[in-house]
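In what follows, a single structure is set out as structure tokens and then discussed.
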Amino acid sequence: MQRRTFITGAAGAAAAATATLSARSAWAKPEYKWKMVTTWPKNFPGLGTGANKLAELIGDMSGGRVQVKVYGANELVPAFEVFDAVSRGTAEMGHGSAYYWKGKSEAAQFFSTVPFGLTAQEMNGWMYYGGGLALWTELYAGFDLVPAPAGNTGVQMGGWFNKEINSVADLRGLKMRIPGLGGEVLERAGGTPVNLPGGELFTSLQSGAIDATEWVGPYNDLAFGLYKAAKYYYYPGWHEPGTVLEAMINKQVFDGLPKDLQSIVLNACAVVSQDMLAEYTARNPQALQTLLNEHDVDMRRFPDDVIAKLRELSHEVVAEIAEKDAFSRKTFASYQKFLKQAREWSAISELTYLRARDQA
Ligand code: CA
């Protein structure tokens, strides 16, 4: 019996080796050669490397039948032209975040993140089981795109400031890089939001062109060296409680794939979605220790009255999106319904548990 098992094992190993060989030879002759344009600097930790991982996974899972080459921001197209480039087929695939495309549709922002909205965990619930992904797919179909969640940062940080925020009045006149709905909230509080791609944050902050910038969290903020250009590091990231990174595939390209490759591409996105959140969950606390202990960063919490005002303004801004067009109204209704349920459940599960754990 043992010998037979051994023979089967050896035969299995030989078969596996043959399979590896044929997979390798398939790598030399891919059936589909794609370009993936991204809004991130090439190889940027977490975001850029997440896009790289997605390309590798699609290659591995398809046995080399789909080969994806990743381009950083400005390599093929500028960061904020990713959407158009994939839409018109200049590139087959893209990686970014939907709030960058609010100029295409206000509703796009719901598929990225909403100030004081769903956390990463809740966002996954809405996307996969609450109708979010179906709505997103419907919206992007109008632009010849197929979207998929492909990453999540978890709760972000409030950002890097060269001015202290001690009251709501300190937001007035504040020139801050903050994209999406968070930017609209800041504007309503009297500030001036600007949107800049990640690669321009450090120099803009250092030169004084902006007073403050948010980026992601300790892991990514450390990589950009933002602590060298700002005095204070504020939390929490009220404006981005669980930002979804997106993959988008040109719809004609996607529709032309055989069913197995369609499934591989979408499932590779789901794997990267989970992997990226795990990476941020592991690396943010490590990076925060480095910022605090090695770089003596002055970390501060936004005052309660500032958070209260931002929350009030956020509710106004988000509700107004529903008035923009029929699709935005439908998306807002779906998101709000899910948020209501999620809040009730999270209050007795995550929130109560985290408080119980920390008070021990
Ligand atoms: Ca951010």
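Would you be able to say whether some residue in the range 151-168 is more than 16 Å from the ligand (Cβ to nearest atom), closer than 30 Å to MET93 by Cβ and of a type in the set (Gly, Ala, Ser)? Steps first, please.
Just the residues of the range 151-168 that are more than 16 Å from the ligand (Cβ to nearest atom), to begin with: 162-168.
Adding the requirement that they be closer than 30 Å to MET93 by Cβ leaves none.
For the range 151-168, residues more than 16 Å from the ligand (Cβ to nearest atom), closer than 30 Å to MET93 by Cβ and of a type in the set (Gly, Ala, Ser): absent.
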Exactly one of SER105, SER112 is buried (at least 22 other Cβ atoms within 10 Å of the Cβ) and within 24 Å of GLU184 (Cα to Cα), and that one is SER112
Check whether at least one residue in the range 226-238 is open to solvent by less than 10 Å² (accessible area, probe 1.4 Å), within 14 Å of the ligand (Cβ to nearest atom), in a helix (DSSP H, G or I) and not aromatic (Phe, Trp, Tyr), and report yes or no. yes
Taking the range 239-267 as the region of interest, how many residues are buried (at least 23 other Cβ atoms within 10 Å of the Cβ) and in contact with a Gly (Cβ under 9 Å, 6 or more places away or on another chain)? 10
Of the residues in the range 81-100 that are touching a helix residue (DSSP H, G or I) at 6+ places or on another chain (Cβ under 6 Å) and modelled with pLDDT of 95 or more, the one that is nearest to ASP325 (Cα to Cα) is ALA98
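For residues that are of a type in the set (Ser, Thr, Tyr) and either under 22 Å from THR49 (Cα atoms) or within 13 Å of the ligand (Cβ to nearest atom) (or both), scanning just the range 177-221, find the one that is surrounded by the fewest Cβ atoms within 10 Å (Cβ to Cβ). Before the answer, list the steps.
Quick first cut of the range 177-221, residues of a type in the set (Ser, Thr, Tyr) only: 192, 203-204, 207, 213, 219.
Then keep just the ones that are either under 22 Å from THR49 (Cα atoms) or within 13 Å of the ligand (Cβ to nearest atom) (or both); that gives 213, 219.
Working: THR213: 26, TYR219: 23.
Looking at residues that are of a type in the set (Ser, Thr, Tyr) and either under 22 Å from THR49 (Cα atoms) or within 13 Å of the ligand (Cβ to nearest atom) (or both), I get TYR219.
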Single residue of GLY64, GLY59, GLY72 found to be over 29 Å from VAL185 (Cα atoms), open to solvent by less than 10 Å² (accessible area, probe 1.4 Å) and out of contact with any strand residue (DSSP E or B) (no Cβ under 7 Å at 6 or more places or on another chain): GLY64
Could you tell me which of the residues ALA108, ALA150 is part of a strand (DSSP E or B) and within 16 Å of the chain's Cα centre (by Cα)? ALA150
Flagged in the range 121-151 as open to solvent by 10 Å² or more (accessible area, probe 1.4 Å) and farther than 22 Å from VAL86 by Cβ, in numbering order, are GLN121, GLU122, ASN124, GLY125, TYR128, TYR129, GLY130, GLY131
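The values are calculated or read from the model by the stated rules, or taken from the named source; none is laboratory data. Just so it is clear, the model here is predicted, and its values are computed rather than measured. FYI the Cβ positions are ideal-geometry reconstructions off the backbone, even for glycines, and counts take in every protein chain you see. Heavy atoms of the whole protein, side chains included, go into the accessibility calculation; ligands, DNA and RNA do not. Shrake-Rupley method; radii C 1.70, N 1.55, O 1.52, S 1.80 Å.
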